[in-house]
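Right, one structure below, let's go through it.
The values are calculated or read from the model by the stated rules, or taken from the named source; none is laboratory data. Since the structure is predicted, the reported quantities are computational estimates derived from the model, not experimental observations. Ideal geometry is used to build each Cβ from the backbone, glycine not excepted, and the neighbour counts take in all protein chains shown.
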Amino acid sequence: MLEQPLHEIESLVREAILAAQDAGDLPSFDLPTLVVDRPQREEHGDYATSAALQLAGTARMVPLRVAQAIASRIPKTDFLAQVEVAEPGFVNFTLDDGWLTRQVDEILAAGESYGNVPLGQGQKVQVEYGSANPTGPLHVGSGRNTVIGDGLANVLEAAGYEVQREYYVNDAGTQVRLFAETLYARYAQALGRDEPIPEDGYRGAYLVELGDEVARQEGERFLEMPRREAVNALYEIGLEKMLASIEDDLTMLGITYDRWFSERSLYDSGVFDHVLAMLREKDHVAERAGAVWFVSSELGDDKDNVLIRSDGEPGYLASDIAYHYDKFIRRGFDRVINVWGADHQGHVPRMKAAMRAIGVDPDSLVLIVYQLVALRRGGELVRLSKRTGDIITLREVLEEIGPDAVRFFLLGRAADSQMELDLDLAKEQSSENPVYYVQYAHARTASILRYAQGTDFSDGDVSLLGHPAELALIRQMLRLPEVVEKAATSLSPHYLPYYAQDLAGAFHPFYKQCRVVSSVPEDMPLNKARLKLVAAAKIVLARVLALMGVSGPESM
């Protein structure tokens with residue numbers, strides 16, 4: 001199987017330019033990276049290159065002449081039906097119909113591995129996502145974080161990388177102490193004691209519920225011990241309960257991790273002390289006004305940053321440097337990808353400086369910063385939970401629209417774009433709802449194959465396929481490896497839902513225009529060929545849905 005015509009055409013274009021140079025039709029020059037892409041309009045073929053426009057200045061020739069020199073040297077191949085030159089200097093390529101239909105058998109042979117591309121060659125990549133502080137329930141922004149990270153991990157695995165999924169548990173520092181202090185107050189209040197909430201404590205309704213729960217389960221025993229001891233004990237109980245709640249929400253969303261990494265372990269294991277000593281030895285640390293500073297301004301950052309505050313408390317940066325030392329140096333990942341919220345944007349340059357400090361190529365650390373999510377219902381922005389009048393939790397949204405809709409919609413925009421999730425649209429059972437539209441296409445393939453159960457179509461002759469709707473569907477099916485490669489290369493899993501809609505958009509017209517199962521004996525050869533096409537389409541639809549973490553229903 002020709003995995004990607006796009007790459008084959010890229011090679012043909014490059015060879016054609018070199019041949020034109022050898023013949024003297026083009027002057028000698030070094031070839032830049034040449035781009036072959038899909039044209040926006042179908043009448044311009046399946047692929048096109050603007051190489052002639054790109055090279056015209058260097059060659060000192062009009063683009064049309066450069067294009068003609070390239071096109072005239074593209075050899076005949078079994079997969080190309082036509083190579084054309086178009087104004088002002090494009091070379092357009094159209095795939096051969098016979099070759100297209102033969103790819104149906106290739107997709108069936110590839111099965112669930114169809115769409116895989118050999119990019120990663122087994123490189124070890126860690127994707128760290130989710131990682132919300134365990135001080136409260138997950139909200140919709142956390143959902144976007146996990147959906148982006150998990151979709152990216154799926155794509156990277158399909159692209160041949162060895163991927164580890166990790167959740168970083170922020171179980172050390174000021175915020176978790178405030179959480180424990182607030183929990184103590186809510187616990188005491190549940191037992192009738194007048195205990196104030198810390199000034200900077202957590203005021204969400206969930207902590208009132210958690211305090212009540214702990215009071216019911218534990219009674220007054222924590223009120224009978226020294227306050228600090230009680231707060232520490234409640235911290236452990238509260239942390240365990242919050243992590244269990246977070247894990248339940250993520251399981252509901254279809255997210256599982258290879259590892260949950262504890263921030264505290266960096267201190268308990270001595271990793272933090274080792275890294276701090278190393279930074280001191282390399283003169284990347286300075287002490288000023290009682291605090292310990294990371295001299296990141298000498299490593300490309302615009303300013304120095306505090307590692308350990310004057311009260312002796314390590315800051316986030318201190319933990320992050322030790323954590324990434326553990327990732328790169330101790331665990332040996334070739335590349336680390338972190339999915340962070342927009343409020344971490346300013347943290348990016350200091351993390352790049354930190355990588356230089358620990359002897360790691362800064363480009364090996366990729367930080368994907370995603371923007372916020374707004375919810376809409378009935379055309380109005382939804383700001384507060386109906387249930388509690390408080391923050392809208394991820395679980396509430398999951399319960400309202402389901403995990404498939406949450407994953408599909410939250411993956412539907414580039415990470416750096418703000419997005420709105422229309423709750424009404426996500427529940428709509430119509431072609432206007434992209435989740436329903438794509439899943440319905442998969443359900444239709446399953447329905448057809450069930451209806452034809454008992455028909456052996458393994459000997460179907462795919463060369464009988466030739467209806468425009470059939471060929472349009474095959475063309476879309478052949479895009480999956482390209483989409484996987486593009487998403488993996490650019491670390492942009494949002495290409496998946498766009499492609500899924502295009503694929504479904506090709507299947508539904510085929511379903512309406514091409515009768516697959518007929519009782520007329522003379523139709524059996526074409527029936528078998530079309531059943532092969534439906535089976536192949538089911539594979540591709542199921543694969544792109546699985547890459548997004550969305551289910552492929554057998555009926556709807």
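From the list THR77, THR94, THR101, the lone residue that is hydroxyl-bearing (Ser, Thr, Tyr), part of a strand (DSSP E or B) and more than 30 Å from TYR235 (Cβ to Cβ) is THR94.
Tell me, which residue of region 382-412 that is of a type in the set (Val, Ile, Thr) and modelled with pLDDT of 95 or more is nearest to TYR499 (Cα to Cα)?
Within region 382-412, the first condition is being of a type in the set (Val, Ile, Thr), and the residues that meet it are 382, 388, 391-393, 397, 401, 406.
After this cut, where a residue has to be modelled with pLDDT of 95 or more as well, the list is 397, 401, 406.
Numbers: VAL397: 25, ILE401: 22, VAL406: 17 Å.
Only one residue fits best here, namely VAL406.
Looking at region 487-519, which of the residues that are under 12 Å from the mean Cα position of the chain (by Cα) and free of Cβ contacts under 8 Å to residues at least 60 places away in the same chain is surrounded by the most Cβ atoms within 10 Å (Cβ to Cβ)?
Checked region 487-519; the qualifying residue surrounded by the most Cβ atoms within 10 Å (Cβ to Cβ) is TYR495.
Among the candidates GLY466, GLY454, the residue that is free of Cβ contacts under 8 Å to residues at least 40 places away in the same chain, over 29 Å from VAL163 (Cβ atoms) and not in a helix (DSSP H, G or I) is uniquely GLY454. Among the residues of region 73-108, the ones that are more than 24 Å from PRO468 (Cα to Cα), touching a residue at least 40 places away in the same chain (Cβ under 8 Å) and surrounded by fewer than 17 Cβ atoms within 10 Å (Cβ to Cβ) come to 1 in all.
Looking at region 301-339, which of its residues are in a strand (DSSP E or B) and free of Cβ contacts under 8 Å to residues at least 60 places away in the same chain? Walk me through it before giving the result.
As a first pass, look at region 301-339 and keep what is in a strand (DSSP E or B): 305-308, 314, 335-339.
Those that are in a strand (DSSP E or B) and free of Cβ contacts under 8 Å to residues at least 60 places away in the same chain: ASN305, VAL306, LEU307, ILE308.
Part of a helix (DSSP H, G or I) and within 33 Å of the chain's Cα centre (by Cα), is that true of LEU266? Answer is yes for this residue. Would you mind stating whether LEU372 is closer than 24 Å to LEU152 by Cβ, surrounded by fewer than 19 Cβ atoms within 10 Å (Cβ to Cβ) and at pLDDT 95 or above? Criteria not met by LEU372. Cβ separations smaller than 6 Å between residues 6+ apart or across chains give the following pairs from region 249-262 residues that are touching a residue at least 12 places away in the same chain (Cβ under 8 Å) to residues that are outside any strand (DSSP E or B) and of a type in the set (Asp, Glu): ILE255/ASP150; SER262/ASP171.
Search region 144-176 for residues being at pLDDT below 95 and part of a helix (DSSP H, G or I), and hand back the single one that is surrounded by the most Cβ atoms within 10 Å (Cβ to Cβ). My answer is VAL176. Residue-level analysis places LYS282 among those that are among the charged types (D, E, K, R) and in contact (Cβ under 8 Å) with a residue 60 or more places away in the chain. The test for being under 28 Å from GLN476 (Cβ atoms), part of a loop (DSSP other than H, G, I, E, B) and modelled with pLDDT of 95 or more does not hold for ILE70. Check region 418-430 and report whether any residue there is surrounded by 15 or more Cβ atoms within 10 Å (Cβ to Cβ), in contact with a strand residue (DSSP E or B) (Cβ under 7 Å, 6 or more places away or on another chain) and within 30 Å of VAL285 (Cβ to Cβ). No, the conditions are met nowhere in region 418-430. Filtered by the rule that a residue be of a type in the set (A, V, I, L, M), out of contact with any strand residue (DSSP E or B) (no Cβ under 9 Å at 6 or more places or on another chain) and either surrounded by 14 or more Cβ atoms within 10 Å (Cβ to Cβ) or under 11 Å from ARG350 (Cβ atoms) (or both), region 273-313 gives VAL275, MET278, LEU299.
Among the residues here, VAL13 qualifies as under 26 Å from VAL483 (Cβ atoms), among the hydrophobic types (A, V, I, L, M, F, W, C), modelled with pLDDT of 95 or more and touching a Ser or Thr at 6+ places or on another chain (Cβ under 9 Å). From the list VAL484, VAL462, VAL544, the lone residue that is β-branched (Val, Ile, Thr), more than 30 Å from the chain's Cα centre (by Cα) and buried (at least 21 other Cβ atoms within 10 Å of the Cβ) is VAL462.
Being outside any helix (DSSP H, G or I) and under 20 Å from SER131 (Cβ atoms) is a description that does not apply to PHE272. Does VAL306 satisfy the condition of being under 33 Å from the mean Cα position of the chain (by Cα) and either polar (S, T, N, Q) or more than 21 Å from SER131 (Cβ to Cβ) (or both)? It is true that VAL306 is under 33 Å from the mean Cα position of the chain (by Cα) and either polar (S, T, N, Q) or more than 21 Å from SER131 (Cβ to Cβ) (or both).
Kindly provide the set of residues from region 353-405 that are in a strand (DSSP E or B), aliphatic (A, V, I, L, M) and farther than 30 Å from LEU299 by Cβ, ordered by number.
VAL373, ALA374, LEU375, LEU381, VAL382
Against the numbered list (1) of a type outside the set (Asp, Glu); (2) in a helix (DSSP H, G or I); (3) under 28 Å from TYR370 (Cβ atoms), GLY201 comes up short only at (2). Among the criteria (1) of a type in the set (Val, Ile, Thr); (2) surrounded by fewer than 20 Cβ atoms within 10 Å (Cβ to Cβ); (3) within 24 Å of ALA153 (Cβ to Cβ), the one VAL339 does not fulfil is (2). Here GLN21 fulfils each of the conditions (1) among the polar types (S, T, N, Q); (2) assigned to a helix (DSSP H, G or I); (3) in contact (Cβ under 8 Å) with a residue 60 or more places away in the chain apart from (3).
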